[in-house]
Structure formats: C-alpha cells, structure tokens
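See below for the structure under consideration.
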Amino acid sequence: MIDPKLLRSSPADVARNLARRGYKLDVDALTALEERRRSAQLESDRLRAERNSHAKAIGQAKGKGEDISPLMARGEALAREVEDADRALEAITTELNDWQLGLPNLLHESVPEGRDESANVELRRWGAPRQFEFTPRDHVEIGEHLGGLDFEAASRIAGARFVVMRGALARLQRALAQFMLDLHTGTHGYTEVYVPFLVAGSTLQGTGQLPKFEEDLFAVRGEQKFYLIPTAEVPVTNLVREQIIAAEALPLKFVAHTPCFRSEAGAAGRDTRGMIRQHQFEKVELVHITRPDDSYRAHEELVSHAEAVLQALQLPHRVMALCAGDVGPSSARTYDLEVWLPAQGKYREISSCSNCEAFQARRMHARWRNPATGKPEPLHTLNGSGVAVGRALVAVLENYQNADGSVTVPEVLRPYMGGLGKISAAR
C-alpha cells in the first residue's frame, strides 16, 4: 500500500510515478474521496465533542437538582447522531482503503522505462551456452525417454498442466530442493521455515495478491475459505504481520521449500508443453525483512544468492532489470534471472527477485521500532525464488543431456543422488 500521507500531500507526484507503469491515477477521484473522508471525520469529531460536552452539562444540572429530562432526550439524540456519523465515516474509510488497496507500488527511480518485457535491460551474463554435437531434445522428450516424466498419467489424474515424476527424475527434483536449502541455510545465512500451504484471504491481501489477482488463485471452501499458496512469499512474508520487530533483530532472512499452486488464468495457450508453466510446482523461496535504509543492498544480495544456485549447477544464465511496465504491482524494483534452455534456444525466467519496500508491510501492519525516533515504522520486505525447482530440473535435463538420451548429474547434486553420476533409460 502506498503511504496514505503521500497520497494526500502529493497526488500529482504519485500519478506521475504510476504513469511509468501505464497506470492512470484518477487524481480528481482521489481528491474527492479524501475530501469526503475528511468531512466525515470532522463531523464525527464534532458530534463526539458535543456529546461529551452535553454529558458534562447533564452532570452539572443533576448536581443542582434541576430537571434533566430535556437534556437526557437531547443526549439520546446525540448518541444516535454519533453512531450514524461513525457508520458514515467507516463506510467512506472502507471505500478509500479498498481503492488504495487496488493501487500498485511506486517504482524506484532506477527502474528502466518501457511498457513490456521487450524493454527489459540485460545487466550481466554468466556461463556460455553449451555447443551440442547433436540436436538437443527438450525436457519432455528427455524425461519421457528416461521414463521419469509422465504427462499422460498426470492428465488422467488431474488434467492439463500437471506431471507425474518417477524414479531417478523424482529423486533429482528432490535433490535440487535439498541442495538449494542447504546452500541458503549453510552458506547464505537463512533460517529455514515450514509454513502453511493454505492461507486466509487477509494473508494474500497482505502481500498484494488480493484483491487484484484472485482469478490466479485456487480457493478451497469449507467452514472457512482458504487459498492454496501461489508462492511461499505469501506465508513467509506474513510471518511479520501485525508485529513490531526490534531493530537489533533485523535483518530477518527466511528460506522455505513449498509447493505452489496457480490457476494460470491469464496464460491460456502459453507454454502448454512440458513443465514450464504448471498448476502445481515447487520453489525454494527467499524472503528478507529489513530496515528501510538497508533494503536495496539486501536486494543485490538476494539476487546474488539466487545466482549462486545456478552457478553451482553450472547453468548459463543472465540477470535482467525489469522495465517499468513489466514490474509486478507489489514491487518497487525487480530483477529476473533467466536460465538458458538449449531446446528453445533462449533464456527463460527461473527466478524473480523483488524489493517491495514498505508496500506489503503497510498492508500487513508489519513494523520495526526505529531507534532514531523511538516509534514503530513500516519495514521493508523483499522476496525471490532461490530458485524455482521445476524449472531448474528442466534446465538440468536440457543442459546436461547426452547424445544417447542419458543425462549427466551435476557434480553438486551427486551426494544427494547416492553418488549417481548419470541417469539412463531403464532397460
């Protein structure tokens, strides 16, 4: 949520920033809504003051032995007027709050200009794509040849955009997740957390998925309505909701391995083949909770930790700075990591690392106590995939494939695979 004080004091500046995203802020509507709220607040305060003053008058009259019946009648009327004014104020405050919840975050000044992904800026590359002496197969063909990826069985069970994994490939996916967790906890200083995979709507509102992106979520209805998490960012970031964190406890760095569930409502016809875009997948998610002054340094650190996974796996990749029109609504600045996929002959996203500044913290009422002021102030939150497990599996299968259809196991994963150096088709 954008700072309400900034919205009230500098709506034109906010509008100019949001226009970089292609978002048109109706300043006149905002001003009118805020004026209605202010008028309702003044009326509520006036009536409350009159009621309090009237109550004193009743007490004084009673002390003098005067007839207080007329005063009591007016007091009852004032009480009803205060209730009506409070209801009116609550209604306009809710309307203004709901309107503000629909606004995207302000962009950091360093975000490149541009309307879509074609304007994203490449910052750096790591590793050279492998030169094959044969035509590289895609991960679907490799996995089916090895008997480890079964999309037909998944379709019978659940429908499109699911996969069944078997044998060595199921173990390889598990090995990838375990390796990432060990790297981030052992080398990068993260605390591993296990979190719910079902969350309340208020939790998704806190991180910005609701109300705008409900169609992308899977809802589970029972006595209480839950949502399956689209990313571990949601429950992990909400660990600090409605909390005031001591300054000396910051930064907090969490890592979690979870399944993720997305309806892919806006992705009809895109990446229908294979594992690139599925309803159910796994990620190892990284979350930083920081002081505001530290968040952009933490952002660079977060990206480097995600990169370390790809470098350890010896997977060629590049880092992209997303342009204004491609940055997600909750983020102030985002870097994407894209891994090389030989069968597609291009780089594909495998991690998105975002600094949300105080946008999520305001929605979650997550604060820290600033020693300089002694007052609670919004934290800064950051998140990034460290990395998407399924897409890492895709990248390993395609980059480590051999002419005979086997797949070499990356060196760093062999301890998790019982020393297995190569995955071959069962005979």
Practice prompt. Can you tell me the dipole magnitude for region 269-419 around its Cα centre, using point charges on the Cβ only (Lys, Arg +1; Asp, Glu -1), in Debye to the nearest 20?
Written response: 480 debye
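Over region 145-204, what per residue volume does the convex hull of the Cα atoms give, in whole Å³? Numbers along the way, then the final one.
Numbers: hull volume 8.4 nm³, N = 60.
Expressed per residue, the convex hull around the Cα atoms of region 145-204 is 141 Å³.
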Item to complete: Could you check how much of the accessible area of the chain is carbon and sulfur, as a whole percent, using a 1.4 Å probe?
Response: 49 percent
Fill in: Amide H contacts of Cys260 (H built 1.01 Å from N, under 5 Å, at least 5 apart or other chain)
Phe281, Glu282, Lys283
Response to the item:
Once phi for every residue in region 379-396 is put through the Karplus expression 6.51 cos²θ - 1.76 cosθ + 1.60 (θ = phi - 60°), the whole-Hz ³J(HN,Hα) values, with Gly and Pro written as x, are 6, 10, 10, 9, 8, x, 6, x, 10, 5, 5, x, 6, 5, 4, 4, 5, 5
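Hey, what does the equivalent ellipsoid look like for region 106-178, semi-axes from the Cα gyration tensor as sqrt of 5 times each eigenvalue, largest first, whole Å? Don't skip to the answer; put the middle values down first.
Details: eigenvalues 240, 82, 41 Å².
The answer is 35, 20, 14 Å, longest axis first.
Sort Thr93, Thr381 from largest to smallest accessible area, using a 1.4 Å probe on the heavy atoms of the protein chains. Write down the numbers at each step before the final one.
Numbers: Thr93 60, Thr381 0 Å².
My answer, sorted largest first, is Thr93, Thr381.
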Response to the item:
Computed about the Cα centre, the charge dipole of the chain from +1 Lys/Arg and -1 Asp/Glu charges at the Cβ has a magnitude in debye, to the nearest 20, of 400 debye
Worksheet item: Once phi is turned into ³J(HN,Hα) by the Karplus curve 6.51 cos²θ - 1.76 cosθ + 1.60 with θ = phi - 60°, what whole-Hz value does each residue of region 321-332 show in order, with x for glycine and proline?
Response: 8, 6, 7, 4, x, 10, 6, x, x, 7, 9, 8
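Relative contact order for region 175-237: what is it in percent, counting Cα pairs under 8 Å that are at least 6 residues apart? Walk me through the numbers before you get to the answer.
Working: 51 pairs, mean separation 21.7, N = 63.
Once normalised by length, the contact order is 34 percent.
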Discussion item. Quick check: the distance between the Cα centres of region 359-407 and region 298-340, to the nearest angstrom?
Written reply: 9 Å
Worksheet item: In whole Hz, what ³J(HN,Hα) sequence does region 62-78 give by Karplus (6.51, -1.76, 1.60; θ = phi - 60°), x for Gly and Pro?
Response: 5, x, 8, x, 7, 6, 9, 4, x, 5, 5, 4, 5, x, 5, 5, 4
Worksheet item: Residues with amide H under 5 Å of Ser352's amide H, sequence separation 5 or more or different chain, H placed in the peptide plane at 1.01 Å from N; which?
Response: Leu337, Ser385
Discussion item. With a 1.4 Å probe and all protein chains kept in place, how much accessible area does Glu113 have, in Å² rounded to the nearest 10?
Written reply: 120 Å²
Worksheet entry | Gaussian network model of the chain, Cα within-10 Å springs - most flexible of Ala12, Ala219, Ala79 | Ala79
Worksheet, complete the sentence: Zone reached by a paramagnetic label modelled 7 Å from Ala372 Cα along Cα→Cβ, restricted to region 276-320 with backbone N below 12 Å, covers 292-294
Worksheet item: For region 239-359, what is the relative contact order in percent, using Cα pairs closer than 8 Å and at least 6 residues apart in sequence?
Response: 19 percent
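Could you grab the relative contact order for region 25-151? Cα pairs under 8 Å, six or more apart, rounded to a whole percent.
Values: 45 pairs, mean separation 30.4, N = 127.
Averaging sequence separation for qualifying contacts and normalising by length gives 24 percent for region 25-151.
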Discussion item. To the nearest 20 Debye, how big is the dipole of region 30-77 about its Cα centre, given +1 on the beta carbon of each Lys and Arg and -1 on that of each Asp and Glu?
Written reply: 120 debye
Worksheet item: Looking at Leu315, Ser352, Pro376, which one has the Cα that reaches farthest to the positive end of the dipole of region 283-427 (charges on Cβ: Lys, Arg +1; Asp, Glu -1)?
Response: Pro376
Worksheet, complete the sentence: Farthest towards the positive end of the dipole of the chain, among Leu47, Ile245, Leu33 and with Cβ unit charges of +1 on Lys and Arg and -1 on Asp and Glu, lies the Cα of Ile245
Item to complete: Starting from the amide H of Ile68, placed 1.01 Å from N in the peptide plane, find each other amide H under 5 Å away whose residue is 5 or more places distant or on another chain.
Response: none
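Express the accessible area of the chain per residue in Å², computed with a 1.4 Å probe while the remaining protein chains stay in the model. Before the final figure, lay out each step's value.
On the way: 20380 Å² over 427 residues.
In whole numbers, the chain has 48 Å² accessible per residue.
The values are calculated or read from the model by the stated rules, or taken from the named source; none is laboratory data. Keep in mind the model is a prediction, meaning the values are calculated, not measured. Using ideal geometry, Cβ is built from the backbone for each residue, glycine included, and neighbour counts are taken over all protein chains shown. Ligands, DNA and RNA are excluded from the accessible area calculation, which covers all protein heavy atoms including side chains. Shrake-Rupley method; radii C 1.70, N 1.55, O 1.52, S 1.80 Å.
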